[in-house]
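See structure below.
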Amino acid sequence: MLEGKLIELLKCLRPDEWAHPTLAKQWTVKDVVAHLLDGNLKRLSMQRDGFFGLAPPPRDGYASFVQFINRNNSEWVQAATRMSPRVLIDLLELTSTQVYQLFSGLDPLAPALWAVTWAGEDQSANWFDIAREYTERWHHQQQIRIAVNRPGISSRELYFPVLDTFMRGLPYAFRSVEAGEGTAVEVQIRGEAGGSWFLQRSNAGWQLTGPTERPEAILGMDQELAWRVFTKAVAAADAAKEATVSGDRSLALRVLSLVAVLA
């Protein structure tokens, strides 16, 4: 459904709209579409076919890994300037169907080819990797829709899974925060797709838990702000001006340090 909405949108764009700037910093609408196509091609080549055309990324730290990914993304987007919008749409439609077939055949509990590193994992299950991929496709499509002034995709059916996946990165975002055992933080996302998520400190560190009666800190924000801050489209300092805070302010604002993209 999500991918179908993207293809439907792209087929309706005027030629000039492909050059509109997006929230993805230096990228235009056409660049973002090319990036989504690149993601499909990588999945099919590496995960389905076992073909790795590039040397593996460096293993000397997260920063080096991100630089490697950013460089490869930039090189592909530059090469894709040669492709017409129609070619991009046709290839995206074809490969998206094949990626769906790939994902449908995976054991959701088996180890994934790629770990969800922004959640602090060195090894992830397929279901989490696929959920992460969904958040990528959702937020890039949302960037395109904003750039061309089209309605967003913020229904609960499409957007709640994005927020729920993002929140799985909270324990990693709080990894260096010292607090007493039992200390709890609540995150409230307002809107149709929103909800409440709870994080609690235990002997094993910070963990997502069920509802807590008296959290020491509560951070609330609108669902439109949530995805933007977690994908670095809005700086945490700016998001803090719009968020509501109850209890321990520093603990609550730590939520805004969560980055659910490779950055």
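The values are calculated or read from the model by the stated rules, or taken from the named source; none is laboratory data. Please read these numbers as outputs of a predicted model, since none were measured by experiment. Don't worry about glycine lacking a Cβ; one is built from the backbone with ideal geometry, like all the others, and counts go over all protein chains shown. Note: accessible area is taken over every heavy atom of the protein model, side chains too, but ligands, DNA and RNA are not part of it. Shrake-Rupley method; radii C 1.70, N 1.55, O 1.52, S 1.80 Å.
Considering the conditions (1) under 30 Å from Pro15 (Cβ atoms); (2) open to solvent by 80 Å² or more (accessible area, probe 1.4 Å), Arg59 is excluded by exactly one of them, (1).
Within the range 155-166, the presence of a residue that is part of a loop (DSSP other than H, G, I, E, B), in contact (Cβ under 8 Å) with a residue 40 or more places away in the chain and surrounded by 14 or more Cβ atoms within 10 Å (Cβ to Cβ) is excluded. The helices (runs of 4 or more DSSP H) falling completely within the range 192-263 that include 2 or more residues that are over 27 Å from Ile144 (Cβ atoms) map to 249-253.
For the range 129-141, the set of residues classified as touching a residue at least 24 places away in the same chain (Cβ under 8 Å) and out of contact with any Ser or Thr (no Cβ under 8 Å at 6 or more places or on another chain) consists of Ile130, Glu133, Glu136, Arg137, Trp138, His140, Gln141, listed by residue number. With the condition kept exactly as written, say whether any residue in the range 17-24 is out of contact with any helix residue (DSSP H, G or I) (no Cβ under 9 Å at 6 or more places or on another chain) and either exposed (fewer than 10 other Cβ atoms within 10 Å of the Cβ) or under 23 Å from Gln142 (Cβ atoms) (or both). Within the range 17-24, not a single residue is out of contact with any helix residue (DSSP H, G or I) (no Cβ under 9 Å at 6 or more places or on another chain) and either exposed (fewer than 10 other Cβ atoms within 10 Å of the Cβ) or under 23 Å from Gln142 (Cβ atoms) (or both). Of the residues Leu91, Leu41, Leu37, the single one that is in a helix (DSSP H, G or I), crowded, with 18+ Cβ neighbours inside 10 Å, touching a helix residue (DSSP H, G or I) at 6+ places or on another chain (Cβ under 9 Å) and not hydroxyl-bearing (Ser, Thr, Tyr) is Leu37. For Phe174, the test of being in contact (Cβ under 8 Å) with a residue 60 or more places away in the chain, in contact with a helix residue (DSSP H, G or I) (Cβ under 7 Å, 6 or more places away or on another chain), open to solvent by less than 40 Å² (accessible area, probe 1.4 Å) and closer than 17 Å to Pro215 by Cβ is passed. Entry remark, the range 70-90: residues being over 18 Å from Gln26 (Cβ atoms) and in contact with a Pro (Cβ under 9 Å, 6 or more places away or on another chain) number 1 in total. On inspection, Ala233 does not qualify as of a type in the set (Gly, Ala, Ser), open to solvent by 40 Å² or more (accessible area, probe 1.4 Å) and out of contact with any strand residue (DSSP E or B) (no Cβ under 8 Å at 6 or more places or on another chain).
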